[in-house]
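Structure first, commentary second.
The values are calculated or read from the model by the stated rules, or taken from the named source; none is laboratory data. Source: prediction; values computed, not measured. Just the protein is used for accessible areas: all its heavy atoms, side chains included, with ligands, DNA and RNA removed. Shrake-Rupley method; radii C 1.70, N 1.55, O 1.52, S 1.80 Å.
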Amino acid sequence: MDSLSPVLRSIRLRSQIYFRKDFPSPWGFDMAANEVSQFHLVARGRCFFKVDGAEVIHQVNAGDAILLPHGQAHWLASEATAPRLPGTAAFSSGSVEDLPPGEDSTTLICGHFELDRGLDHPLIESLPQWILVPASERRQATWLETSTTLLIDEMGSGEPGSEALVNRLAEGLFILLLRAFILRNRGKEGYFAALADRRLSRALGAIHDSPGDSWSLPTLASLSGMSRSSFADRFSRLVGMPPMKYLGQWRLQRARELLRDTELPLSAIAGDVGFASEGAFGRAFKRHFRINPGALRRQGAMPHPETRATS
């Protein structure tokens, strides 16, 4: 049972590639904080990378991928001491894409991912400041190695459909980087550790796939192969809330998605996500999002985190 895909559908992932560009040494640029999730893929050479506020400077080598889920300010440079330009100036400087890369140059593929920040879910909240997946780790996972290689090859190929293909590959790369991060967090704490937990992921997958079913603490514990108390304790510790509260919030998030993407009547949406009546659904939805579901649909917009009620 896939516990991650329904959440990924809810965040409405979209990607945009800025460029594939060769930077002759010395070079460096500062990236300001941004609302989107930025990423960098080193196609050739190597460089150094640091997130603002962090102490460690990382060397990033050919094939390494960097993801900044929350768009933190950061810098990349040929050397840690190299002078740096603002990112916009570096990106718009004279292009050298058509020149053969020099021995000391670095080729970068840079872009960003857009997420639905209005999604009230532990996955968004649990994303770290940055994720670095080194090439050595990619070689242990053929799926990530192949995806990255194909993305690098397609950039600038000029073949029919290459731009659309590159954007779809980039979205796949985001998911693969998250998967690598999840696998890396097996046995640790937090929501990603819950996704990597073979027992808890069964319960999460069941909730995500069938929120309208009559789930109870005993049935979810049984599905996970755990006692009720052990399941409740472990779920609450890793996910950050009790199982039944998570179920209730996911039902509302799923309803929000159905309001956004379908024309189903409110009564049908209420039943699909597990509410006994349209009235009970409307009250719970307004309590959580501070707006009636019908009013939200008429607005044609989704509530953002600052409009949500604290719950």
**Request:** Mind grabbing the base-10 log of I(q)/I(0) for the chain at q = 0.13, 0.15 Å⁻¹? Debye formula, identical points on the C-alpha positions, no solvent, two decimal places.
**Result:** -0.99, -1.18
**Asked** Expressed as a rounded percentage, what relative contact order does the chain have, with Cα pairs under 8 Å and six or more residues apart?
**Response** 18
**Amide proton proximity set for A43, modelled H, under 5 Å, gap of 5+** = G63, T107, L108, I109
**Asked** Amide H to amide H, which residues 5 or more places from L76 or on other chains are under 5 Å from it, using H placed in the peptide plane?
**Response** F29, M31
**Message:** Considering only protein heavy atoms and a probe of 1.4 Å, how much of the accessible area of the chain is carbon and sulfur, as a whole percent?
**Reply:** 50
**Item:** Residues of the chain: accessible area per residue with a 1.4 Å probe, Å²
**Value:** 47
**Complete:** dims of the stretch 148-208, Cα set, principal axes, largest to smallest, nearest Å -> 46, 23, 13
**Message:** Can you compute log10 of I(q)/I(0) for the stretch 4-83 with the Debye formula, treating each Cα as one identical point scatterer, at q = 0.13, 0.17 Å⁻¹?
**Reply:** -0.46, -0.74
**Calculated from backbone phi, Karplus (6.51, -1.76, 1.60) coupling profile of the stretch 66-76 in Hz, x at Gly/Pro** = 10, 10, 10, x, 9, x, 4, 4, 6, 9, 10
